[in-house]
Each structure stands twice: as C-alpha cells, then as structure tokens.
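A short write-up of the structure that comes next.
The values are calculated or read from the model by the stated rules, or taken from the named source; none is laboratory data. What you see is a predicted model, and the numbers here were worked out from it, not measured in a lab. When we count neighbours, we look across all protein chains shown, and the Cβ atoms used for this are built from the backbone with ideal geometry, even at glycine. With ligands, DNA and RNA removed, areas are computed over all heavy atoms of the protein, side chains included. Shrake-Rupley method; radii C 1.70, N 1.55, O 1.52, S 1.80 Å.
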Amino acid sequence: MSEFNQRLSQLAAPGQASLLAGIRHGIEKESLRITPQGELAQTPHPTALGSALTHPQITTDYSEALLEFITAPHKQTSDLLQQLDEIHRFTYANIDDESLWVTSMPCMLGADEQVPVGRYGTSNVGRMKTVYRLGLGYRYGRLMQTIAGIHYNFSLPDALWHYLHQQEQSPLSLQAFKTERYFGLIRNFRRYFWLLIYLFGASPAVCRSFVRNRDHNLVPFGSDDHTLHAPYATSLRMGDLGYQSNAQKKLIVCYNNLDTYLNNLCGAITQSHQDYEAIGIKGENGNYRQLNTSLLQIENEFYSTIRPKRTANSGETALNALYRGGVEYIEVRCVDLNPYEPLGINPEQIHLLDSFLVFCLLKESPLTDVDEYRHIQENQERIVYRGRDPELTLINSDGKIPFGQWASELLEGIGEVAKLLDNANDTQAYSRAVSTQRDKLSNPELTPSARILNDMREQGVTFFRLAMNLAQQHQEHFAQRPLDTETQAQMAQQAVDSLANQQAIEARDNVSFDEYLANYYAQYRCCQ
C-alpha cells in the first residue's frame, strides 16, 4: 500500500473524521478601479476606504488603482465569502462613479507612465512600499502592475498536525514537523498546479494595449483588431506576459527544506545584479528609483505560484518571520479572477482548492532536483498557452505523458480526499466540486478560459467589451444590496481609524529613510 493510500485509510477510520474539520482559509483579492469608460482610474486611493498602509481589509497592491481586499482566516467557506462580499459592498458604495474590473488581465491602458504607482504616505514603511513599486516599474514596466489575481491562504487544523506528528512518530518538534510537511505540500503543489491553471484559468485573451511594444506570440481574435489571444490559452497571467523576467528564470529556489529556501531567496536579495545596477538605486535628483540593485528587492518580488508564510511582526521581513517560527500557512497565488462571479471566486472553487491542497499534503513528496525544476517551468508554459489543446503532453519523471491521462489520475486521488472532507464537514460539496472538474477534462469548453472566448465569439464583442459588460453587471449586483446601517457604520469607522493609525506611524518615525532601509536589510543576514 502506498503512503498516500495508507494515510487515506488512517484518516477514514472511525472517529478520525473531525481531524480534517476546521481548515482555515483566507482570500486576498485584487481588482482594478476603472472609469465609466473602462480606462484605468487615475484618482488617488479613495479616502473613504481608509489608509492603504494600515487598513486590515482594504489596501492596494502595486498600482494605486489596484485595490486588494483581505479577509480574515475563516473555518467556514460561507463566513469567508460573506466577509469578502461585505468588503465589496462597502467599496462600491465609496468609489463614486468608478467600478471594478473583473478579469485578471487589465482594461484599456495608456502609456506605461500613466499607470499610477501605489502611494502609502510619508512614513519610512510607507516610503519603502512605494519605492519597491517604483523599482518594479523600472524592472518590468508599470503595465505589469495592473495584473490582478486571487491569493488563497490555507492552513490545516492543529488536531490534524498533532495526529500526524504522533502517527508518524516524528522525532522533530511539532513546529519543525509542520514546516517539513508544509514544504512537502509545496513541492507537490508545484508538480501539479498546472491542473488548477487548466480548471480555473480565466485569462486567454488581452487588450492589445497591454502588449504594446512588447514581444509576444498572441494572435488577433478573428477580425477583432482590439483583442489578442492564444487559441488554447488558459491563463496568460501565469505566463511570460506576467511578472516573469529572463533574470528570474535563472533563479532556482529550492523547496526541499526551509534552510535552502531561505538561503536561495536571501542570496537573491543581498547579491547585486548587473541589469539592475544600470538602473541605479537613486536618480540624479537623489530620489530612490528602487530599493536595491539585487535580483530581488524583497522576497515578494519572486513571483512564485505558492509561498510558505508566517505572520510577520511589525517591521519584520517575511523570510525572517519564517526563520523565527517556521511555516504557519501557505499562500496559493495562481488563481485568476473568475469574471463570471461577482466576488471573483465561488464556493466550488474553494472546495476544490482545499481538496487539492490536502491531496498535496498526503501524497508522497520526494525532494526536487534541477531537472524536475525545469520540467515544472516547462509544464507551466505549456498549460498557459496550450492547456486546452487535445494533443497536449506534459513532462513527469517518466517522460512525456498526455495531459488528460495525468489530470484524470490526479483527480482520482483528489476525489478520495474530497470524500474525507465531506465526512469531516457533513456535506457532499467537496465531491461535487471534484465531479464538476472531471466534466471539464472531458469537455474543455466548460473551462472559464473557453467560456470567455466562446462568449466573445457568440456575442460578437471584444475581450474589453465582454469584461466591461460583466463589470457593469457586478456593479449593479452590489449596488442593489447595500450594507445594513450597523455594518456600514462599523466599516466606515474602521476606515477612519486606519487613517489615524497611518498618521501615528508617520509621527513616530525617528530615523532617516536610509537608516531604516539599512536596518531592514540587516535582517536578511540571519537567513543566509
């Protein structure tokens, strides 16, 4: 019996169902603010939404126009989506005549310099966030700062960790065991995440303005001169049109254990890179252009599909938090906005994600070598551009394998995990979610990427017009459901409090920005 089947059998035993109850999940959802004409908003972050620096639920990511909504971690999917819904309703009521773009690839864009960089006030921490984004603009172009997605935060219940720790008789401390097994989950996720891109990818096309003056392999959509696409594409956001660079392609980050992960990323943050030396840290006027000349300014610049995470203390780097306490949760970063859903995601997707992630935990997870790392990169490129190609093959340890065969084998195992989650939560929702995904394997036209292209074709509209029509529908959806008076007042007060918190942070600064950065980067020494 394989380790995976053995673990399934143990968790399916009488009295063990509750171990998988109480998975905690949170969402970080990005959306661009747009004008009524469908252009990128040039207005500052609305004061009524509070401070982008300190508000716990509403901030910005990259561009000043790229809103980011952050939920607390919840055990119940319904509670998670209710909070995300309330954040949307509050936001729509406070952005005047603007609305939110509904797809991961952006609206009509002007010149690169017309993308406003996120601003976070005059404090050192706020200036650092802005300079980081300025640096991204110099390195990748500001148009990249208009790409949106959903980040899915996931952690397993303590009862399950205690059980696995005891069952496997691990000599490690409980936290070290968690960290080791979370890295095993991550390795398997990286092996198999192409399946999620196929199932949920929803960015097969872009407005021509997004690739202006850039090399690409996209083709016009029929006689539509405004839309470019790849006929079998799933998620162009996750390909070389997203936050990818030739420099980062040479960076190999090892997920075999925490130490190698920290060492690899710290090295990329602390060692200067020739391409970025040419940009310079400061311009002729003495203003910062980027935080450093390294391959990565900070760890977040490494745009991975999944990250190990621990809640950082104020002023602490994400890597130092991991070094201090080990992995607390993981962050999945490869999920496109679902343009047909007002919240950008639905319960079925969440149930599938949970089933997939638990599968990655329970499945055997051998260490990764350089060859497999390259296979993972190649599979990602193939699924991005050719995911719905009936002739598609991917690469695994045995060589080439037909996409459909491998996907079916994975969904078989994921389906077994879904049964455990159904039992733990007294529902059939997890198994139903897996069943729906099986239908997408036999009929690619059911995937979101195919649906978008088919709707464009049937309605005779551009990618822009399809997304704009959906944006207007979602705006009406939220406008018809205003918050109750009490919730509205609570959220308005939260916005006011966040503005006061930003002012307090600015007033407390007592060192220069140069000294602040030096102290910040000194933390990376412990990770090397």
So which of 206, 211 ends up being among the β-branched types (Val, Ile, Thr) and under 26 Å from residue 345 (Cβ atoms)? 206
Scan the stretch 21-48 and report the pairs whose first residue is within 18 Å of residue 130 (Cβ to Cβ) and among the β-branched types (Val, Ile, Thr) and whose second residue is part of a strand (DSSP E or B) and open to solvent by less than 10 Å² (accessible area, probe 1.4 Å), with Cβ atoms within less than 8 Å and a gap of 6+ or a chain change. 43/33
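Taking the stretch 99-114 as the region of interest, how many residues are in a loop (DSSP other than H, G, I, E, B), open to solvent by 20 Å² or more (accessible area, probe 1.4 Å) and within 21 Å of residue 465 (Cβ to Cβ)? Can you show your working first?
Taking the stretch 99-114 and keeping what is in a loop (DSSP other than H, G, I, E, B), we get 101-107, 109-111.
Those left that are additionally open to solvent by 20 Å² or more (accessible area, probe 1.4 Å): 110-111.
Still in the list and also within 21 Å of residue 465 (Cβ to Cβ): 110.
Final tally of qualifying residues: 1.
Would you say residue 69 is among the aromatic types (Phe, Trp, Tyr), within 20 Å of residue 153 (Cα to Cα), open to solvent by less than 10 Å² (accessible area, probe 1.4 Å) and in contact with a helix residue (DSSP H, G or I) (Cβ under 8 Å, 6 or more places away or on another chain)?
When the stated conditions are applied, residue 69 passes them.
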Consider residue 516 carefully, then state whether it is modelled with pLDDT under 95 and among the aromatic types (Phe, Trp, Tyr). no
Candidate set: the stretch 447-498, residues that are farther than 30 Å from residue 109 by Cβ and of a type in the set (A, V, I, L, M, F, W, C); chosen: the one surrounded by the most Cβ atoms within 10 Å (Cβ to Cβ): 491
For residue 354, all conditions in the list (1) open to solvent by less than 30 Å² (accessible area, probe 1.4 Å); (2) not in a helix (DSSP H, G or I); (3) not hydrophobic (A, V, I, L, M, F, W, C) hold save one; what is the number of the exception? (2)
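Name the one entry in 389, 354, 369 that is acidic (Asp, Glu) and under 19 Å from the mean Cα position of the chain (by Cα).
Numbers: 389 fails: under 19 Å from the mean Cα position of the chain (by Cα); 369 fails: under 19 Å from the mean Cα position of the chain (by Cα).
Answer to the check: 354.
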Just give me the residues in the stretch 196-229 being touching a strand residue (DSSP E or B) at 6+ places or on another chain (Cβ under 6 Å), of a type in the set (D, E, K, R) and over 21 Å from residue 470 (Cα atoms), in sequence order. none
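If you check residue 270 against the conditions, is it touching a helix residue (DSSP H, G or I) at 6+ places or on another chain (Cβ under 7 Å) and farther than 21 Å from residue 333 by Cβ?
Details: touching a helix residue (DSSP H, G or I) at 6+ places or on another chain (Cβ under 7 Å): yes; farther than 21 Å from residue 333 by Cβ: yes.
Criteria met by residue 270.
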Is it the case, given these coordinates, that residue 126 is out of contact with any Lys or Arg (no Cβ under 7 Å at 6 or more places or on another chain), modelled with pLDDT of 95 or more, assigned to a helix (DSSP H, G or I) and closer than 24 Å to residue 47 by Cα? yes
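One line per residue, one yes/no per condition, for (1) open to solvent by less than 10 Å² (accessible area, probe 1.4 Å); (2) without any contact (Cβ under 8 Å) to a residue 12 or more places away in the chain; (3) not in a strand (DSSP E or B):
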{"position": "160", "(1), (2), (3)": "yes, no, yes"}
{"position": "172", "(1), (2), (3)": "no, yes, yes"}
{"position": "175", "(1), (2), (3)": "no, no, yes"}
{"position": "195", "(1), (2), (3)": "yes, no, yes"}
Test for residue 403: is it among the aromatic types (Phe, Trp, Tyr) and either in contact with a Leu (Cβ under 7 Å, 6 or more places away or on another chain) or exposed (fewer than 14 other Cβ atoms within 10 Å of the Cβ) (or both): yes
Only one of 376, 383 is in a helix (DSSP H, G or I) and buried (at least 22 other Cβ atoms within 10 Å of the Cβ). Can you tell me which? 383
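Among 59, 43, which is open to solvent by 10 Å² or more (accessible area, probe 1.4 Å), out of contact with any Ser or Thr (no Cβ under 6 Å at 6 or more places or on another chain) and part of a strand (DSSP E or B)? Outline the logic, then answer.
Working: 43 fails: part of a strand (DSSP E or B).
Just a single option satisfies the conditions, and that option is 59.
Pick out the one residue from 489, 418, 504 that is more than 27 Å from the chain's Cα centre (by Cα), farther than 30 Å from residue 292 by Cβ and assigned to a helix (DSSP H, G or I). Spell out how you get there, then give the answer.
On the way: 418 fails: more than 27 Å from the chain's Cα centre (by Cα); 504 fails: farther than 30 Å from residue 292 by Cβ.
Of 489, 418, 504, the one residue that is more than 27 Å from the chain's Cα centre (by Cα), farther than 30 Å from residue 292 by Cβ and assigned to a helix (DSSP H, G or I) is 489.
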From the options 391, 412, 416, 445, residue that is free of Cβ contacts under 8 Å to residues at least 24 places away in the same chain and closer than 29 Å to residue 18 by Cα: 412
